[in-house]
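Note sheet for the following structure.
The values are calculated or read from the model by the stated rules, or taken from the named source; none is laboratory data. This one's a predicted model, so the numbers in the text were calculated from it and none came from an experiment. Neighbour counts are summed over all protein chains in view; Cβ atoms, including those assigned to glycine, are modelled from backbone coordinates with ideal geometry.
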Amino acid sequence: MNDTVFDPGNDYDFASLVQEGRVHSAIYTDAAIFELELRRIFYRTWVYVGHASEVPSRGDYRVRLIGRQQVIMVRGGDGRVRVLMNRCRHRGAVVCEREAGNVKAFHCMYHGWTYDTTGRLVAVTGREAYGPEFDMEAMSLTPAPRMESYRGFVFASLAPAGESLAAFLGPAAKVLDYLVDASPVGEIVVDGGVSKTLYRGNWKLVGMDGYHPNYVHASVIAAWKRDADGGMGATHREDPFQDKADSRTRDLGHGHCMLDMRRQRLKHYDAYERFVKGIPGGEAYVRTMLEQHGEERGKLLVALAGDPHLGIFPNLQVINNQIRIMNPLAADRTEVNMFVVRLAGVSDELNTARLRQHESFYGPAGAGSPDDAEVFERAQMGMQADVDPWIDLSRGMHREVQDEDGTIVGLITDEVTQRGQARRWRELMLQGGER
Ligand code: FES
Ligand SMILES: [Fe+2]
């Protein structure tokens with residue numbers, strides 16, 4: 001890709017804009033930096049596209065975004081899932097206008113070219129006008145240059161070469177397992193629709209912050225303490241977002257990070273197990289999990305309730321009972337799409353309880369998410385003031401430690417996660433624009 005047309009060159013000194021413990025607010029507000037982010041981050045690294053269970057039948061598709069570029073995740077007539085660029089090989093129109101559905105073929109409405117669900121060009125209107133040399137086969141919909149999946153999570157990269165998905169995920173893969181392995185058959189189903197939030201703020205503001213809940217979500221934490229919310233995520237009268245708790249922030253490398261609730265949730269295992277067993281099918285669920293995974297991992301999986309609280313940089317977060325995609329639309333505009341997850345092999349009542357708990361915090365009228373969007377907008381608003389433009393991310397810097405597995409860990413309110421994301425951002429931005 002030619003980077004010279006739009007690249008303002010060395011006007012940006014990214015090494016200075018992102019320092020250890022502080023970042024310049026231009027990385028959230030500057031429109032030209034946003035354009036570079038698309039090309040240096042979104043059009044180069046692995047980007048999450050969707051889960052294979054969203055397209056269970058032949059012809060099922062979902063249209064998703066990689067930065068500004070539309071892709072179609074489709075299960076072809078041959079049963080294979082592909083990620084195809086949503087761009088007609090004739091004059092570039094999108095061939096699929098809907099966000100989701102099932103088709104026999106993609107018809108481009110501009111001049112009527114038709115592609116089958118594997119992307120093959122199968123019909124050209126007025127075919128004879130192109131002569132006998134015209135190679136239909138060579139005019140198939142272009143697949144995303146690379147596609148790989150992990151446990152049904154489909155990622156694509158627009159860069160033809162680069163590290164494997166396994167190398168990209170690193171230790172984050174095992175964290176993602178906490179969600180999939182919460183199902184007794186090791187399978188999740190993403191078929192519960194989507195709730196969307198559009199906010200006027202930068203994409204990097206979203207989530208993985210263990211410091212804000214006590215302020216932005218004060219009423220929810222208060223309800224937890226009263227035990228008024230006994231839902232799937234409840235930790236039973238103890239606020240997990242305080243430094244005395246056993247929860248931690250963890251930088252997994254590559255900008256991936258987690259709010260590590262493992263020890264915190266295990267501490268309250270007994271109370272939580274009682275809660276799960278009170279749901280029809282819960283008793284059998286706990287028994288199966290302990291049988292299948294053994295006492296130690298079985299308990300951990302039950303305790304975590306399928307919530308790895310994981311961020312995969314740049315566009316995926318797996319939190320609570322949802323898969324969340326962040327779509328960067330502009331420096332000051334972001335779309336957050338939340339897809340609820342169903343565990344295969346558990347009772348409907350258990351899945352319903354998980355869904356209700358999700359709605360109570362993350363739903364459009366939930367007690368949590370709307371306040372997050374509000375505070376992101378306030379941050380974006382405040383950052384317009386550039387007289388003293390530094391964002392402080394130094395909380396807990398003096399006390400973070402490197403764990404045996406190489407990950408960096410801090411207390412739950414420490415900005416370990418933000419520093420990890422900023423480091424990765426700088427690394428990618430400094431690599432220049434070629435892919
Ligand atoms: S642009 Fe698709 S058929 Fe012409
Ligand atoms: Fe929040």
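Can you find a residue in the range 190-211 that is surrounded by 16 or more Cβ atoms within 10 Å (Cβ to Cβ), more than 30 Å from TRP113 (Cα to Cα) and of a type in the set (Lys, Arg)?
Step one: list which residues in the range 190-211 are surrounded by 16 or more Cβ atoms within 10 Å (Cβ to Cβ), which gives 190, 192, 194-195, 197, 199, 201-211.
Checking which are more than 30 Å from TRP113 (Cα to Cα) leaves us with 190, 192, 194-195, 197, 199, 201-211.
Filter once more, keeping what is of a type in the set (Lys, Arg): 204.
Yes, the range 190-211 contains at least one residue that is surrounded by 16 or more Cβ atoms within 10 Å (Cβ to Cβ), more than 30 Å from TRP113 (Cα to Cα) and of a type in the set (Lys, Arg).
Within the range 265-276, is even one residue at pLDDT 95 or above and out of contact with any helix residue (DSSP H, G or I) (no Cβ under 8 Å at 6 or more places or on another chain)?
no
For the range 244-266, give me each residue that is among the small types (Gly, Ala, Ser) and part of a strand (DSSP E or B). Spell out how you get there, then give the answer.
Of the range 244-266, the ones among the small types (Gly, Ala, Ser) are 245, 247, 253, 255.
Once the filter is applied, which keeps residues that are among the small types (Gly, Ala, Ser) and part of a strand (DSSP E or B), the range 244-266 yields only GLY253.
I need the full set of residues from the range 181-200 which are assigned to a loop (DSSP other than H, G, I, E, B), within 18 Å of the chain's Cα centre (by Cα) and small (Gly, Ala, Ser), in order please.
GLY192, GLY193, listed by residue number.
Have a look at GLY79, GLY112, GLY92 and point out the one that is more than 29 Å from LEU38 (Cβ to Cβ) and either at pLDDT below 95 or within 11 Å of ligand 1 (Cβ to nearest atom) (or both).
One residue alone meets the criteria, GLY112.
Could you please let me know if ASP372 is over 30 Å from THR288 (Cα atoms), touching a residue at least 40 places away in the same chain (Cβ under 8 Å) and touching a Ser or Thr at 6+ places or on another chain (Cβ under 9 Å)? Walk me through how you get there before you give the answer.
Values: over 30 Å from THR288 (Cα atoms): yes; touching a residue at least 40 places away in the same chain (Cβ under 8 Å): yes; touching a Ser or Thr at 6+ places or on another chain (Cβ under 9 Å): yes.
For ASP372, the condition - over 30 Å from THR288 (Cα atoms), touching a residue at least 40 places away in the same chain (Cβ under 8 Å) and touching a Ser or Thr at 6+ places or on another chain (Cβ under 9 Å) - is met.
Go through GLY406, GLY420 for me and flag whichever is under 19 Å from the mean Cα position of the chain (by Cα) and among the small types (Gly, Ala, Ser). Outline the logic, then answer.
Values: GLY406 fails: under 19 Å from the mean Cα position of the chain (by Cα).
The match here is GLY420.
If ARG80 passes every condition in (1) surrounded by 17 or more Cβ atoms within 10 Å (Cβ to Cβ); (2) under 16 Å from TYR150 (Cα atoms); (3) over 19 Å from the mean Cα position of the chain (by Cα) but one, which one does it miss?
With (1) surrounded by 17 or more Cβ atoms within 10 Å (Cβ to Cβ); (2) under 16 Å from TYR150 (Cα atoms); (3) over 19 Å from the mean Cα position of the chain (by Cα) applied to ARG80, the lone miss is (1).
Let me confirm something: among GLY92, GLY50, GLY101, GLY77, which residue is touching a residue at least 12 places away in the same chain (Cβ under 8 Å), of a type in the set (Gly, Ala, Ser) and in a loop (DSSP other than H, G, I, E, B)?
Values: GLY92 fails: touching a residue at least 12 places away in the same chain (Cβ under 8 Å); GLY50 fails: in a loop (DSSP other than H, G, I, E, B); GLY101 fails: in a loop (DSSP other than H, G, I, E, B).
Answer to the check: GLY77.
Here are some conditions: (1) of a type in the set (A, V, I, L, M, F, W, C); (2) without any contact (Cβ under 8 Å) to a residue 40 or more places away in the chain; (3) under 30 Å from ASP251 (Cα atoms); (4) touching a His at 6+ places or on another chain (Cβ under 6 Å). ALA172 meets all but one. Which one does it not meet?
(2)
Under the condition of being of a type in the set (Asp, Glu) and assigned to a loop (DSSP other than H, G, I, E, B), which residue from the range 129-180 is surrounded by the fewest Cβ atoms within 10 Å (Cβ to Cβ)? Don't jump to the end; show me each part of the working.
To start, the set of residues in the range 129-180 that are of a type in the set (Asp, Glu) comprises 133, 135, 137, 148, 163, 177.
Cutting the leftovers down to assigned to a loop (DSSP other than H, G, I, E, B) gives us 133, 135, 163.
On the way: GLU133: 5, ASP135: 8, GLU163: 14.
In this case the residue turns out to be GLU133.
Tell me the residue from ASP403, ASP414 that is in contact with a strand residue (DSSP E or B) (Cβ under 9 Å, 6 or more places away or on another chain), surrounded by fewer than 16 Cβ atoms within 10 Å (Cβ to Cβ) and acidic (Asp, Glu), please.
ASP403 is the lone residue from the list that is in contact with a strand residue (DSSP E or B) (Cβ under 9 Å, 6 or more places away or on another chain), surrounded by fewer than 16 Cβ atoms within 10 Å (Cβ to Cβ) and acidic (Asp, Glu).
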